[in-house]
């Protein structure tokens, strides 16, 4: 960002701060009446007065997050969204002021925006990780660990105890906060046109390999469908029920269905599987398809 742009942004922020201070601060009685008008009648005029009277509070909170390198104007915008969300859930009859309730929503909105915008890589997902993200810099200052390098083991232990998080989380978060996102299109060296992305390994199969595997799988499926026809109706049904279903049907169920013993069902199953494997191997050999064939993944007997 060049100097004229920074100056323009500063002037815009100064103008905004002067504008929000022009809105009057509401007395407790005025705030109560307006809050009830909004809650009971959805009075948009009342809602507007409640929000605008708290814009200076949003700006003050947002200014406290300037150290994360994001534009203050964007932090204020997110805080204003949090303010409006707070107004939707505020109950004036609980006995406390709107600012007391809204401050948590404002901070939550700003912090969520920082977490999503500070890095292309997701920083924190759990409440403990978010707490670590927003407190690590402050705690490093308290224990005089202000360097951007790695923390000493005793410092890691102390911070982990203070925030009640695993030590590995402290080490990981400190490393991520000390680093910055880099473009994969950036040159590796000033005198080398090669980019960082040139060194990323593509571990996926080549198009030729993928096509060959797809064609072989298609051929095997068609062959299996054809040779399945050599089985009689009972053999096909038993083999499907016992080997080709996620939950294999028990021998007892099939024995009762066909009015035979469990052993007889098992014999039919084994015989049908043998016929199928023999026919499949012959079919593949006839088509000159590599034989590294093994029967489809079958359920255990």
Chain lengthening between residue 91 and residue 221 when straightened (0.36 nm per residue, less Cα-Cα): 40.3 nm
Applying 1/(1 + (r/R0)^6) with R0 = 22 Å to the Cβ-Cβ distance of residue 282 and residue 262, what FRET efficiency is obtained, to the nearest 0.05? 0.10
Would you kindly calculate the mean projected area, averaged across all directions, of the convex hull enclosing the Cα atoms of the stretch 208-286, in square nanometres? 6.0
Cα-projected label distance for residue 44 with residue 207, points at 7 Å along beta-carbon direction, nm: 5.5
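Computed from the coordinates by the stated procedures, all read-outs in this text should not be read as laboratory data. Keep in mind the model is a prediction, meaning the values are calculated, not measured. Every residue, glycine among them, receives a Cβ derived from its backbone with ideal geometry; neighbour counts consider all protein chains shown.
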